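These notes concern the structure reproduced below.
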Amino acid sequence: MKTKLLLALFCVFYVQSYAQVFGPGQFLQDFAPFFFSNADIDSDGDLDLLAPSDSGIYWFENDGTGVIVANHLIAETTAFPETLYGFDIDQDGDQDVLSTSISPFDDDVSWYENMDGTGNFGPQQIISNVVEGIVTATAGDLDSDGDLDVISASGTKLAWYQNTDGLGNFGPQQIISDNTSFPKSVYTVDIDLDDDLDVLAASVSSSDDIIGWYENNGFGILGFQHTISTEVDGLQGIHHGDLDGDGDQDILSASHNNLMVAWYENDGHGNFGPQIPIETELFGPSQVYSFDIDLDDDLDVIAVFEEYIAWYENTDGQGNFGPRQIIAHDVRTAYLNVLDWDVDGDMDLIASILQIWTGDMVWFENLTILSVAEFPLSKILVYPNPSWDKVYISSQNLVYSELLVEIINLNAQVVLTGNYKFGEEIVLSRNGLPSGQYILRVLPDDNPPFVGKIIFK
């Protein structure tokens, strides 16, 4: 482990932060995985991390304030893990782990059951081992039966596997396409707004790199590939989100060879417009994401480049983006994750940063929530907290004429809201929200808000 001196030098030298929204990099772990994801593994209301290593797959426990307090082994494996994601495969209310791995013998897609909801896992359960050259997998309800099916991207093949009983027993491989030219990314998302999940995929080849989607008829029958763009030479990553605020899913891309981060507008029916550059002449773009970074109710863009991490503000909510804002530079980023790591209602970043002989996981805190212009929730009375159902807020000391009250989830989404006048009883009902931690914001008139955490049991 590093000495305190080395940690101090790391924070000063490797992760200088220049965008006002984000604080400087904070050391989390002396380990830099090439891939990691997030999920609430121990069901305590905050997001933990999932990551592969040479010897097995692990989860890293978050204490809810952004500190990793323990590393837990999920499984030892002789295969090399490629990707890990948290999904409730067996519908028991906790996060299981979906895994892909490669080996000299069999490549496979498999899952591990979270046995008790606190992060103790059962043995590997293989979904398929006919996935030569497996790259990634995801989950979504393709057949509209209420449980999560699995989709894999491997070699030149996209395929899916039906969760036959909702408990994690899967049927045989069903081919979506066997001509995808080395698929690189795969998502399930409703592209054409017909209330079922389609499949979005990116693939690379020596001739054409392609972003495309496959239309679902609602029961897992997926049609031919609809091309979104072939103007993505050296395609590295894609993401989706409603960038122009019109209610449908647009697409983002990062392409290495044509030095570009760009987006593609969806007309709501799965027909996409031409490539719209966000920034060009970029060196080494490798990842791209869309999240509301500044909490202004539109989607901004986060991108990873050869030696820096940056974000672009969606200035009007319609897909017009401001200039590059550097989060950190002089860093080699192996992988980036966007998540609410400290459970304060805004989206932070965690990056695995490569150094000469080793690497580290580093947290960049988003300072949008609870800035110096805001006050802790302890200034007013909120009860009961934790709560099984309703939260009451005493406004006796709030002499403002109007109050806006919001509850925000871990994805920085406002999930409950209400407007109140001075003297009214403030009651927020749970309305079916899952158990876990949330952010409560009480905004009096145009004054700074009161901000704090609440828990629904």
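The values are calculated or read from the model by the stated rules, or taken from the named source; none is laboratory data. Just so we're clear, the structure is a prediction, and the values are computed from it rather than from any experiment. Every residue, glycine among them, receives a Cβ derived from its backbone with ideal geometry; neighbour counts consider all protein chains shown. Calculation scope for accessible area: heavy atoms of the full protein, side chains included, ligands and nucleic acids excluded. Shrake-Rupley method; radii C 1.70, N 1.55, O 1.52, S 1.80 Å.
Numbers for the structure displayed
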item: Failed item, numbered, when D244 is tested on (1) crowded, with 16+ Cβ neighbours inside 10 Å; (2) assigned to a loop (DSSP other than H, G, I, E, B); (3) in contact with a Ser or Thr (Cβ under 6 Å, 6 or more places away or on another chain); result: (3)
item: D297 being among the acidic types (D, E) and closer than 15 Å to G241 by Cβ; result: yes
item: Count - residues of the range 44-73 that are surrounded by 15 or more Cβ atoms within 10 Å (Cβ to Cβ), modelled with pLDDT of 90 or more and not in a strand (DSSP E or B); result: 3
item: Residue in the range 137-175 that is nearest to the chain's Cα centre (by Cα), counting only those that are at pLDDT 95 or above and of a type in the set (V, I, T); result: T138
item: Flag for I221 being under 30 Å from L354 (Cβ atoms), β-branched (V, I, T) and modelled with pLDDT under 95; result: no
item: Subset of the range 178-221 that is farther than 16 Å from L158 by Cα and either in contact (Cβ under 8 Å) with a residue 60 or more places away in the chain or hydrophobic (A, V, I, L, M, F, W, C) (or both) - its residue that is surrounded by the most Cβ atoms within 10 Å (Cβ to Cβ); result: I191
item: Residue in the range 351-366 that is over 30 Å from P52 (Cα atoms) and buried (at least 16 other Cβ atoms within 10 Å of the Cβ) present; result: no
item: Hits in the range 411-429 - residues which are open to solvent by less than 30 Å² (accessible area, probe 1.4 Å) and touching a residue at least 24 places away in the same chain (Cβ under 8 Å); result: A412, I426, L428
item: Flag if I228 is more than 17 Å from G317 (Cβ to Cβ) and surrounded by 19 or more Cβ atoms within 10 Å (Cβ to Cβ); result: yes
item: Filter result (assigned to a strand (DSSP E or B), out of contact with any His (no Cβ under 6 Å at 6 or more places or on another chain) and open to solvent by less than 60 Å² (accessible area, probe 1.4 Å)) within the range 266-307; result: N266, F272, I276, I278, E279, Q287, F291, D300, V301, I302, A303, V304
item: Pick from the range 255-265, criterion under 12 Å from S229 (Cα atoms) and modelled with pLDDT of 95 or more, ranking: surrounded by the most Cβ atoms within 10 Å (Cβ to Cβ); result: W263
item: Residue in the range 396-405 that is nearest to G64 (Cα to Cα), counting only those that are at pLDDT 75 or above and open to solvent by 30 Å² or more (accessible area, probe 1.4 Å); result: L404
item: Matching residues, the range 76-124, being in contact with a Pro (Cβ under 8 Å, 6 or more places away or on another chain) and open to solvent by 20 Å² or more (accessible area, probe 1.4 Å); result: F80, E82
item: Residue check, N129 open to solvent by less than 20 Å² (accessible area, probe 1.4 Å) and more than 21 Å from L197 (Cβ to Cβ); result: no
item: Residues of the range 131-169 satisfying the condition of being among the hydrophobic types (A, V, I, L, M, F, W, C) and farther than 23 Å from D92 by Cα; result: V131, I134, V135, A153, L158, A159
item: Count - residues of the range 74-93 that are part of a strand (DSSP E or B) and among the aliphatic types (A, V, I, L, M); result: 3
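Matching residues to (1) modelled with pLDDT under 95; (2) more than 26 Å from the chain's Cα centre (by Cα); (3) surrounded by 15 or more Cβ atoms within 10 Å (Cβ to Cβ):
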position: T315; (1), (2), (3): no, no, no
position: G322; (1), (2), (3): no, no, no
position: D330; (1), (2), (3): yes, no, no
position: T333; (1), (2), (3): yes, no, yes
position: F375; (1), (2), (3): yes, yes, yes
position: W388; (1), (2), (3): yes, yes, no
position: S394; (1), (2), (3): yes, yes, no
position: I407; (1), (2), (3): yes, no, yes
